[in-house]
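Down below is the structure, laid out as structure tokens.
The values are calculated or read from the model by the stated rules, or taken from the named source; none is laboratory data. What you see is a predicted model, and the numbers here were worked out from it, not measured in a lab. Quick reminder, even Gly has a Cβ in these numbers, built from the backbone with ideal geometry, and neighbours come from all protein chains shown. Protein only, heavy atoms only, side chains kept; ligands, DNA and RNA dropped before computing areas. Shrake-Rupley method; radii C 1.70, N 1.55, O 1.52, S 1.80 Å.
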Amino acid sequence: QAQLAESGGGLVQPGASLRLSCAVSGITFSEYAMAWFRQAPGKDREFVAAIRRPNEATPSADSVKGRFTISRDNAKNTVYLQMNDLKPEDTANYYCAAQRWAIWSSLRTQSQYTYWGQGTQVTVSS
């Protein structure tokens with residue numbers, strides 16, 4: 001069965017950086033677009049960033065543009081989220097998700113993702 005396991009979250013101060021990882025098994029990783037979503041207390045889950053092919057543009061939320069970068073290593077079946085200049089409003093549980101044969105217009109839509117990880121908590125506070 002498909003398994004997605006996030007790691008790398010933690011408690012950091014504003015301005016710090018974190019790198020989240022999502023290790024994937026049980027599926028043909030290269031056939032799946034990968035994405036990060038996040039959910040803060042009292043808020044709906046929201047799209048953060050997605051990646052399909054390595055040479056394609058990577059859509060991301062306006063709130064994280066210029067600060068967060070999504071990437072993938074198909075040899076390691078792992079997707080990453082590099083988060084720089086973290087802000088208190090980035091505090092959330094971050095989820096990794098997979099969507100097979102994704103079309104561009106579906107990358108931001110959480111209902112299109114078939115597999116989800118359990119999440120990793122990111123807390124940004126001084």
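Quick rundown of the values:
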| read-out | value |
| --- | --- |
| Matching entry among 16, 35 (being touching a strand residue (DSSP E or B) at 6+ places or on another chain (Cβ under 8 Å), touching a residue at least 40 places away in the same chain (Cβ under 8 Å) and not in a strand (DSSP E or B)) | 16 |
| Qualifying residue in region 28-43 (condition: in contact with a helix residue (DSSP H, G or I) (Cβ under 8 Å, 6 or more places away or on another chain), within 14 Å of residue 116 (Cα to Cα), modelled with pLDDT of 95 or more and open to solvent by 60 Å² or more (accessible area, probe 1.4 Å)) | no |
| Identity of the residue in region 73-95, assigned to a strand (DSSP E or B) and among the polar types (S, T, N, Q), that ends up surrounded by the fewest Cβ atoms within 10 Å (Cβ to Cβ) | 82 |
| In region 47-68, the residues that are under 18 Å from residue 96 (Cβ atoms), without any contact (Cβ under 8 Å) to a residue 40 or more places away in the chain and open to solvent by less than 80 Å² (accessible area, probe 1.4 Å) | 49, 51, 58, 60, 61, 64, 68 |
| Residue among 114, 123, 109 that alone is in contact with a Gly (Cβ under 9 Å, 6 or more places away or on another chain) and either open to solvent by 40 Å² or more (accessible area, probe 1.4 Å) or acidic (Asp, Glu) (or both) | 123 |
